[in-house]
Amino acid sequence: MNSNDNPLPPKIGYWIFNYMPQWEAVSMEVQTLSSAFRQNLGTRVIALNVWGRSIKLKGHVKHIPLPYALPAVVFLSRIAAQVEVNHIFASPTEPLLTRRLAKLDNTVLTIAKDSPKLDVLEKNAATLRNLRHIVVESSRHKDLLLQLGVEKDRLQVIYPGVDLQPYRPAGSRFTILFATSPFSKYDLLARGIHLMIRVAKLLPEVHFRLIWRRNVEELSNLLSETNPPNISVVSGFVEDMGAEYDASHTTILPALTDYSLKPSPHSALLSLAHGKPLLVSRPASLAGVVERSNCGIVFEPSVEGLCDAITRLMSNYPIYQENAHTAAKAFFSKEQFLARYAQLYSSLLAH
């Protein structure tokens, strides 16, 4: 019998909003961890979903539509009490779960999403200081939490992990991949969509390829107004994203603010894993990693800044490309990702 047919009683419960591991980055992290530790420690996933799904309380993954979770706080607390470690993946200002589960002495928070409201973060400081441990995926969040008085030994940086893939040269036309589309139709400016459109008109020899998950109508309307011929859009679920990275020369993170994107966008990590360098705006959380490892170019989020960065990357492409795999291995190794979480769980379960 396969060991997964008779799993251990769960010691670790993963809590996440909108669990969609087939295409959502944070969900992929939870799926990786819950699968890796299921045999030796026992795990379960509790997903609170905004978008549909019926209630599912049996099995390894429990789905609870969010409207039903609000009046069922006592029930959620009962689930939390059944495991030895509750591990939340959310923003530092998440209002429903973190405050309640922080009252337990075994709760871990991984800050895998950002929040634009520092005043709300400050109001949540007491809850954050009460957590057993906090994992961050960017140096910015580590610094903010230290400022708020979170104890240093309760805090560490663990970047998401990816597997290295063979490098495959892209075609002759320089192609820039964007794969961090917003869920909200009002995030186009913050995500740098308007910026890329303006730059595309100035650099007709460059091809921008946008992978878009939801609300493609807003993007289509915007593109129909400007009509740039060197921008193509792939909408919906893409089954083979590896082929998209292979067909591109670089992946772009054109965030206009330091909270426009997730702390460690998986499109950047996967791009490096495929040997493709990055174009990263100065406010993006990975800018420091890119500069230290020379695996791409960091630019100011302006039309002039992006144009200059693209020109520099095209002119010196081999220099940056040869550092992409090295950076992925150094910062975003899946083995290191799992090993550091294994060490964390071991320390928590030993008490």
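The values are calculated or read from the model by the stated rules, or taken from the named source; none is laboratory data. Computed from a predicted model, the values in this text were never measured in an experiment. So basically every Cβ, Gly included, is an ideal-geometry build from the backbone, and we count neighbours across all protein chains shown.
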Looking only at residues that are farther than 20 Å from residue 139 by Cβ and of a type outside the set (A, V, I, L, M) in segment 319-342, which one is surrounded by the most Cβ atoms within 10 Å (Cβ to Cβ)? 320
Would you point out the residue of segment 276-291, among those that are assigned to a helix (DSSP H, G or I) and either in contact with a helix residue (DSSP H, G or I) (Cβ under 9 Å, 6 or more places away or on another chain) or touching a residue at least 24 places away in the same chain (Cβ under 8 Å) (or both), that is farthest from residue 143 (Cα to Cα)? 290
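Among the small types (Gly, Ala, Ser), surrounded by 15 or more Cβ atoms within 10 Å (Cβ to Cβ) and more than 25 Å from residue 330 (Cβ to Cβ): which single residue out of 302, 293 fits that description?
After applying the criteria, what remains is 302.
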Any residue at all in segment 155-165 that is under 23 Å from residue 302 (Cβ atoms) and at pLDDT 95 or above? no
Please work out if residue 63 is in the same structural domain as residue 47 (by TED's automatic domain parsing), touching a strand residue (DSSP E or B) at 6+ places or on another chain (Cβ under 7 Å) and assigned to a helix (DSSP H, G or I). no
Qualifying positions in segment 197-215 - surrounded by 17 or more Cβ atoms within 10 Å (Cβ to Cβ) and either within 26 Å of the chain's Cα centre (by Cα) or assigned to a helix (DSSP H, G or I) (or both): 197, 199, 200, 207, 208, 209, 210, 211, 212, 213, 215
Report whether or not residue 28 is aliphatic (A, V, I, L, M), more than 29 Å from residue 180 (Cα to Cα) and either at pLDDT 90 or above or in a loop (DSSP other than H, G, I, E, B) (or both). no
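Conditions (1) surrounded by fewer than 23 Cβ atoms within 10 Å (Cβ to Cβ); (2) of a type in the set (D, E, K, R); (3) free of Cβ contacts under 8 Å to residues at least 40 places away in the same chain; (4) under 19 Å from residue 137 (Cβ atoms), marked per residue:
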residue: 226; (1), (2), (3), (4): yes, no, yes, no
residue: 241; (1), (2), (3), (4): yes, no, no, no
residue: 251; (1), (2), (3), (4): no, no, no, yes
residue: 264; (1), (2), (3), (4): no, no, no, yes
residue: 271; (1), (2), (3), (4): no, no, no, yes
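In segment 92-115, how many are outside any loop (DSSP other than H, G, I, E, B), aliphatic (A, V, I, L, M) and closer than 11 Å to residue 15 by Cα? Don't jump to the end; show me each part of the working.
Filtering segment 92-115 down to residues outside any loop (DSSP other than H, G, I, E, B) leaves 98-101, 107-111.
Right, trim to aliphatic (A, V, I, L, M) and you get 101, 108-109, 111.
Next, from what is left, pick out any that are closer than 11 Å to residue 15 by Cα: 101, 108-109.
Count: 3.
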Quick one: which residue in 248, 260, 271, 232 is small (Gly, Ala, Ser), more than 22 Å from residue 322 (Cα to Cα) and modelled with pLDDT of 90 or more? 232
